[in-house]
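Every number in this text was worked out from the coordinates using simple rules, so none of it is lab data. Everything numeric in this text was worked out from a predicted model, so none of it was measured. We place every Cβ from the backbone using ideal geometry, glycine too, and count neighbours over all the protein chains shown.
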Amino acid sequence: MPFVRIWIHLVWSTKNRFPFMDGDLLRRVCRHIAENAASKNIHLDSINGSADHLHALILLGSDQTTAKIAQLLKGESSHWVNKENLRRLKFEWQDDYFAESVSWSALSSVRRYIADQEEHHRKKSFAEEFAEFSADIV
């Protein structure tokens with residue numbers, strides 16, 4: 001039996017970064033994604049975000065890929081929001097996402113960062129945050 005410990009910080013936004021998720025919808029979407037993840041054996045450690053994006057901390061299983069996890073979480077959740085008519089406009093996620101590995105020693109910091117999204121985005125927009133994330137990518 002393989003032993004795998006790969007932590008991923010996964011970030012994805014709403015289509016065109018439209019601020020679809022008010023406080024109540026944000027909480028409902030996060031809760032639904034957590035329930036859906038559990039039903040699919042996806043170890044979702046933390047999830048939170050703001051009106052236009054989400055952050056998730058995920059522990060990959062030995063047979064899971066980041067792309068498949070993103071597809072399962074994003075696809076099912078947008079389908080659920082639309083099926084439940086939680087927004088008047090069609091709810092969609094952006095096709096792309098950002099994923100970064102997280103070291104064992106950084107887990108607490110990433111959990112805090114995800115939990116503090118509301119406070120964090122009072123000071124910095126998602127566009128600024130994403131520019132920082134992607135600055136190191138060559």
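Distant-in-sequence amide contacts of Asn48, defined by a placed amide H-H separation under 5 Å and a gap of 5 or more residues or a different chain, comprise His55. Here the Karplus curve 6.51 cos²θ - 1.76 cosθ + 1.60, taken at θ = phi - 60°, turns the phi angles of segment 32-45 into couplings of 5, 4, 4, 5, 5, 4, 4, 5, 9, 6, 9, 7, 9, 7 Hz, with x standing for Gly and Pro. Placing dummy labels 7 Å off each Cα toward the beta-carbon, the span from Leu59 to Asp24 is 3.5 nm.
If R₀ is 35 angstrom, what is the calculated FRET efficiency for the pair Arg87 and Ser109, using the beta carbon separation as r and rounding to 0.05? The calculated FRET efficiency here is 0.60. Sorted fewest first by neighbouring Cβ atoms within 10 angstrom, Trp104, Trp12 come out as Trp104, Trp12.
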